[in-house]
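Here is the structure we will look at, set down as C-alpha cells.
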Amino acid sequence: MKARTQKHTAVSASRKVSFLALAPLAWLGAFLVVPLGLILITGFDSGLHHYARALQPPFSSVIWSSVVLAVASSVFCLGVAFPVAWFVVTRTPRWRAPWLAVFLTPFLLNFLVRIYAWFVLLRPEGALARGLGTLGFQGLLTSSQSAVVLGLVYSYMPFLILPLYAVLEKLDWRQLEAARDLGANAWQQAWHVVVPHARPGILAGLVLVFVPMMGEYCVPRMLGGGMISTLGTQIESQFLGSVKPNWPFGAALAGVLMIIVGAALTLGFKFGKGLLGGRDDA
Amino acid sequence: MSTGTLGAPPLLRVCGLRKRFGAQEVLKGVDLEVAQGEFFSLLGASGCGKTTLLRILAGFETADEGTLEIGGVNATHTPVQERDLNLVFQNYALFPHMTVYENVAFGLKVRKKKSITRQELNTRVENMLELTRMSPFARRYPGQLSGGQQQRVALARALAPHPSLLLLDEPMGALDAGLRQEMQRELRALQRRLGLTFIYVTHDQDEALALSDRIALLHEGALLQVGTPEDIYARPASRAVAAFFPEGNVLMATVRAPVPGQPHVVRAHCSGLGVEVEATVAPSGAPNAPQSQNTLHLLVRPERLHILCKEESRQSESADARVESVSYLGRERRYVVRLANGQQVVVSQNGGAPIAPGEAVSVSFLDARLHALPAGQL
C-alpha cells in the first residue's frame, strides 16, 4: 500500500515535471519553430529559385567573403583573447577578478556606441588613421576590410575571453612544472600542456564568436565604408532595403546562413568531442 | 648535529642553503651530501621545509643563499630544464590528454639536444613501461588508471630521460596502506637494481626507515641529524630526533664508572628499574665521557622493554611495576606501565599471554647496552 502511494507520488511528480517542460517547449515553438518555418516557407516561395540565385555569383562570392571574414576575425580574436586570458589567470587569485573586470568593462558600453567610436577613430581624418599614416602605415587598419575585422574582433572578444579564462583557471600548474622538469621549453609547455587543456574552451569560444560574426551586419555597415558586403548586410538590405526589398531572396540567404552556422556548430562539437574522446578526466 | 659527509665524491652536494618566504625563514642553512646510488630520505613533519628543499633541488625555487652541486658541477643557477634530475610529483601531475605511452615519451621528445632516433625512443619507452609493469596500459589515459598505476606511470616518465638523480615528493601520499607497502617494495627493488640515486621526501617515519640508506631529519628548516635508519631510530643525536618517533621512554641513570678501553661507554645505574646497565654516550663534540655521578637520559624504545607477570619471573635484572592500561594493536600489545619510582613507561610486546591492567609485572631491558641522549638538550 505504502509502496503504491510512493509510486503514485513519483508518477505525479514526473507529470509535474513534464507539465513544467511545456513552458520551454511552448517558447521554442512560438519563437523558434514558427519563425524558422516562416523563413523557410518564404525562401521556397518559388521552388528552389531563390536558393539557386543565392549560390550563384555575385552572391556566392558574398557568402565566401563572409565566411573568410568571420574565420579570420575568429582567429584574430583567439590570438588576442588567449594572451589576455593567460595574463588574467597568471595573476594571484585575489587579483584575477579585478583584472578580468578591467578587460570586460568596455563592454558595459552600448554596442553601437563602441562601434561608432571605432568609426570615428578609423575615419581617414580620424586620430588613429592619421597617427598610423604619419608612422608610414597608411591604411593598415583603416582599409574597409581590416576595419571590419578590427571591429568584429573588438566586439566579440569577451565571448572568447570568458570560456578561455574558465578552462585556464582549472589548469593544474604542476603539469607545467612537470613539463619543465622533463625539459620542455616555454613553447613546448604551451603547446603540449596548456593548449590541449584549453582545447574545449578554445572550441567553445570560437563557436561562440564565429556564429554571431557570420550574421553580423552592423559592424560591416558602419566600419566597411559601404565597401563590404556580407551575408548579414545582404539579408538586411533584402528585407529592409529602401531600393528593392526581396523577402523571399532574403529568406533564402538567411537559410544559407543557417546551414553554414549549423555546419560550424556540428563541426565544432564533433571536432571537440573527437579530440577529447579518449580523455577521461580524473 | 652531524653532517652527512662521505668518503667518495658525492653526487649531490648542498652547502649552506637558506630560503626565506617573507618573514618566515623556511631553510636555515642546510648542508647535505648524497652519494651515487643512495636512497636518501628527507624526513620531517609538514612545514619543516622539506618540500622547499626539494623544489630548490629541482630548480623551481631559488635559494637565497648557499650552493648546489650535482655531479661535481655547480648547479645553483641551472634552469630546471637543464638539470640532470627529474621529479616524481606528489599527485603525479601526469598529462591527462596524453596516453601512458606519450606521458613516458614526453621527456625524451622535448629534449632535442640529446637527439635520439625514433626507434631508440620507442625502445626506451617500452623498457620503462616494462620496468614499471605498465606495458599493458600503454594506450590508456591517466584518468583511466588506478592510483597505483598512475604512480608507476609518473615513475616511468621521470626515469625515461635517464636522470642521474631522481627526486620523489611524497609519492605514496595518495595511496592506501596496503598498496603503499607494495609500492615501497617495488620502488626499493627498482632503485637497487638500476643503481639509481633517489632523494625521497616523506613525513612518514616508517616509510623512511623501511626504504632509506640514509635519512636526513629536517625540523623547522634545519637538519637535526643525518644518518642510517638505525642511527636515527636507535641512536638519535638529540632529544628532538628521539621525539620524532613517538613513545620513546626516557629513563634517568647515574654514571658509576667508565668502561675501560671504550671511550664512549659508561656503566650507569638506572634508578627507575633499579638495575645497572652499560650506556653509549653519543660523542656530542666533547671527546671525554661524562663524569661519575653525572645524570644520563637513557632512550629505551617500547619494544626494547620486556614485561612478565610477577609470578612467572624471578629475574634479578628486573624491576617491579604495575600495568596501568593495555591496548591491542593487532601485531602487538602496548602496555602503559608504572614503575616503582612513579614513572610511566610504554612497553610493546608482540607475544605471550595478555596481562590485564592492575596486574603486577616485572620490567627488564632487552639490550645489554643502552643509548644515552646527549646532555644539555632537554
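Readers should treat all values here as calculations from the given coordinates under stated rules, not as data from a laboratory. Just so it is clear, the structure is predicted and the values come from calculations on it, not from any experiment. Heads up, the Cβs are rebuilt from the backbone with ideal geometry, glycines too, and the neighbour counts pull from every protein chain shown.
Identify, please: which residue in region B:127-161 is within 12 Å of another protein chain (Cβ to nearest Cβ) and not in a helix (DSSP H, G or I) and is, among those, nearest to B:LEU57 (Cα to Cα)?
Here the residue is B:PRO161.
Take the residues in region B:74-88 that are in contact (Cβ under 8 Å) with a residue 60 or more places away in the chain and in a strand (DSSP E or B), then tell me which one is farthest from B:THR62 (Cα to Cα).
Among residues in region B:74-88 that are in contact (Cβ under 8 Å) with a residue 60 or more places away in the chain and in a strand (DSSP E or B), the one farthest from B:THR62 (Cα to Cα) is B:VAL88.
What is the residue count in region B:115-159 for residues that are in contact with a Phe, Trp or Tyr (Cβ under 8 Å, 6 or more places away or on another chain) and of a type in the set (Gly, Ala, Ser)?
2
Of the residues in region A:191-225, how many are more than 14 Å from every other protein chain (Cβ to nearest Cβ) and in contact (Cβ under 8 Å) with a residue 60 or more places away in the chain? If you could, list the steps in order and put the result at the bottom.
Step one: filter region A:191-225 for residues more than 14 Å from every other protein chain (Cβ to nearest Cβ), giving A:204-225.
Subset that is in contact (Cβ under 8 Å) with a residue 60 or more places away in the chain: A:204-207, A:209-210, A:213-214, A:216, A:218-220, A:222-225.
Of the residues in that region, 16 qualify.
Within region B:58-71, can one find any residue that is surrounded by fewer than 22 Cβ atoms within 10 Å (Cβ to Cβ), over 24 Å from B:PRO171 (Cβ atoms), without any contact (Cβ under 8 Å) to a residue 12 or more places away in the chain and more than 9 Å from every other protein chain (Cβ to nearest Cβ)?
Scanning region B:58-71 turns up no residue that is surrounded by fewer than 22 Cβ atoms within 10 Å (Cβ to Cβ), over 24 Å from B:PRO171 (Cβ atoms), without any contact (Cβ under 8 Å) to a residue 12 or more places away in the chain and more than 9 Å from every other protein chain (Cβ to nearest Cβ).
Just for region B:86-96: of the residues that are surrounded by 22 or more Cβ atoms within 10 Å (Cβ to Cβ) and under 20 Å from the mean Cα position of the chain (by Cα), which one is farthest from the other protein chains (Cβ to nearest Cβ)?
B:VAL88
Among the residues of region A:90-128, write down those that are touching a residue at least 24 places away in the same chain (Cβ under 8 Å) and under 17 Å from A:MET222 (Cα atoms).
Answer for region A:90-128, where residues must be touching a residue at least 24 places away in the same chain (Cβ under 8 Å) and under 17 Å from A:MET222 (Cα atoms): A:PHE111, A:LEU112, A:ARG114, A:ILE115, A:TYR116, A:TRP118, A:PHE119, A:LEU122.
Residues of region B:337-346 being within 12 Å of B:VAL363 (Cβ to Cβ) and free of Cβ contacts under 8 Å to residues at least 40 places away in the same chain, which ones? Break it down into steps so the answer makes sense when it comes.
Filtering region B:337-346 down to residues within 12 Å of B:VAL363 (Cβ to Cβ) leaves B:337-341, B:343-346.
Those that are within 12 Å of B:VAL363 (Cβ to Cβ) and free of Cβ contacts under 8 Å to residues at least 40 places away in the same chain: B:VAL337, B:ARG338, B:GLN344.
If you check B:PHE39 against the conditions, is it of a type outside the set (D, E, K, R) and buried (at least 17 other Cβ atoms within 10 Å of the Cβ)?
In short, yes.
Checking the condition in contact with a helix residue (DSSP H, G or I) (Cβ under 9 Å, 6 or more places away or on another chain), β-branched (Val, Ile, Thr), under 30 Å from B:LEU155 (Cα atoms) and surrounded by fewer than 17 Cβ atoms within 10 Å (Cβ to Cβ), which residue from A:VAL195, A:VAL167 passes?
Residue meeting the stated conditions: A:VAL195.
Within the set of pairs 6+ apart or on separate chains, which have a first residue in region A:247-269 that is within 14 Å of A:ALA70 (Cβ to Cβ), a second that is surrounded by fewer than 19 Cβ atoms within 10 Å (Cβ to Cβ) and among the small types (Gly, Ala, Ser), and C-beta atoms under 7 Å apart?
Correct list of pairs: A:LEU257/A:GLY215.
Of the numbered conditions (1) away from chain B (no Cβ under 14 Å); (2) surrounded by fewer than 22 Cβ atoms within 10 Å (Cβ to Cβ); (3) assigned to a helix (DSSP H, G or I), A:GLY136 fails exactly one; give the number of that condition.
Just one mismatch for A:GLY136, condition (3).
Go over the candidates B:ARG124, B:ARG83 one by one and state the one that is crowded, with 18+ Cβ neighbours inside 10 Å and within 13 Å of chain A (Cβ to nearest Cβ).
The match here is B:ARG83.
If only one of B:LEU179, B:LEU168, B:LEU187 is within 30 Å of B:ARG133 (Cβ to Cβ) and surrounded by fewer than 20 Cβ atoms within 10 Å (Cβ to Cβ), which one is it?
Just one listed residue meets the conditions, B:LEU179.
Among the residues of region B:100-115, is any in contact (Cβ under 8 Å) with a residue 12 or more places away in the chain, crowded, with 19+ Cβ neighbours inside 10 Å, hydroxyl-bearing (Ser, Thr, Tyr) and facing chain A (nearest Cβ under 10 Å)?
No, every residue in region B:100-115 fails to be in contact (Cβ under 8 Å) with a residue 12 or more places away in the chain, crowded, with 19+ Cβ neighbours inside 10 Å, hydroxyl-bearing (Ser, Thr, Tyr) and facing chain A (nearest Cβ under 10 Å).
Filter region B:339-362 down to the residues that are among the hydrophobic types (A, V, I, L, M, F, W, C) and within 30 Å of the chain's Cα centre (by Cα) and list them by number.
Answer for region B:339-362, where residues must be among the hydrophobic types (A, V, I, L, M, F, W, C) and within 30 Å of the chain's Cα centre (by Cα): B:VAL345, B:VAL346, B:VAL347.
Just a yes or no: is a residue in region B:188-210 among the polar types (S, T, N, Q), part of a helix (DSSP H, G or I) and closer than 22 Å to B:LEU12 by Cβ? Spell out how you get there, then give the answer.
From region B:188-210, those among the polar types (S, T, N, Q) are B:191, B:197, B:202, B:205; that's our starting set.
If we keep only those that are part of a helix (DSSP H, G or I) too, we end up with B:191, B:205.
Narrowing the set further to residues that are closer than 22 Å to B:LEU12 by Cβ leaves B:191.
There is at least one residue in region B:188-210 that is among the polar types (S, T, N, Q), part of a helix (DSSP H, G or I) and closer than 22 Å to B:LEU12 by Cβ.
What residue, of A:ALA117, A:ALA81, A:ALA85, A:ALA101, is touching a Leu at 6+ places or on another chain (Cβ under 9 Å), aliphatic (A, V, I, L, M) and surrounded by fewer than 16 Cβ atoms within 10 Å (Cβ to Cβ)? Don't jump to the end; show me each part of the working.
On the way: A:ALA81 fails: surrounded by fewer than 16 Cβ atoms within 10 Å (Cβ to Cβ); A:ALA85 fails: surrounded by fewer than 16 Cβ atoms within 10 Å (Cβ to Cβ); A:ALA101 fails: touching a Leu at 6+ places or on another chain (Cβ under 9 Å).
Result: A:ALA117 is the single residue among A:ALA117, A:ALA81, A:ALA85, A:ALA101 that is touching a Leu at 6+ places or on another chain (Cβ under 9 Å), aliphatic (A, V, I, L, M) and surrounded by fewer than 16 Cβ atoms within 10 Å (Cβ to Cβ).
Quick one: A:PRO124 ticks every box in (1) within 14 Å of chain B (Cβ to nearest Cβ); (2) not in a helix (DSSP H, G or I); (3) not small (Gly, Ala, Ser) bar one, so which box is it?
(1)
Restrict the check to region B:120-128 and report whether at least one residue is hydroxyl-bearing (Ser, Thr, Tyr) and touching a Ser or Thr at 6+ places or on another chain (Cβ under 7 Å).
Here is the first cut: in region B:120-128, the residues hydroxyl-bearing (Ser, Thr, Tyr) are B:123.
Applying the additional criterion that residues be touching a Ser or Thr at 6+ places or on another chain (Cβ under 7 Å) yields none.
No, region B:120-128 contains no residue that is hydroxyl-bearing (Ser, Thr, Tyr) and touching a Ser or Thr at 6+ places or on another chain (Cβ under 7 Å).
Scanning for something within 14 Å of another protein chain (Cβ to nearest Cβ), surrounded by 15 or more Cβ atoms within 10 Å (Cβ to Cβ) and in a loop (DSSP other than H, G, I, E, B), does region A:172-179 turn up at least one residue?
In the first step, residues of region A:172-179 are kept if they are within 14 Å of another protein chain (Cβ to nearest Cβ); the result is A:172-179.
Those left that are additionally surrounded by 15 or more Cβ atoms within 10 Å (Cβ to Cβ): A:172, A:174-179.
Within this subset, residues satisfying the condition of being in a loop (DSSP other than H, G, I, E, B) are A:172.
Yes, the conditions are met somewhere in region A:172-179.
Would a scan of region B:242-255 turn up a residue that is of a type in the set (Phe, Trp, Tyr) and touching a helix residue (DSSP H, G or I) at 6+ places or on another chain (Cβ under 6 Å)? Steps first, answer last, please.
First, pick out the residues of region B:242-255 that are of a type in the set (Phe, Trp, Tyr): B:244-245.
Of the ones still in play, those that are also touching a helix residue (DSSP H, G or I) at 6+ places or on another chain (Cβ under 6 Å) are B:245.
Yes.
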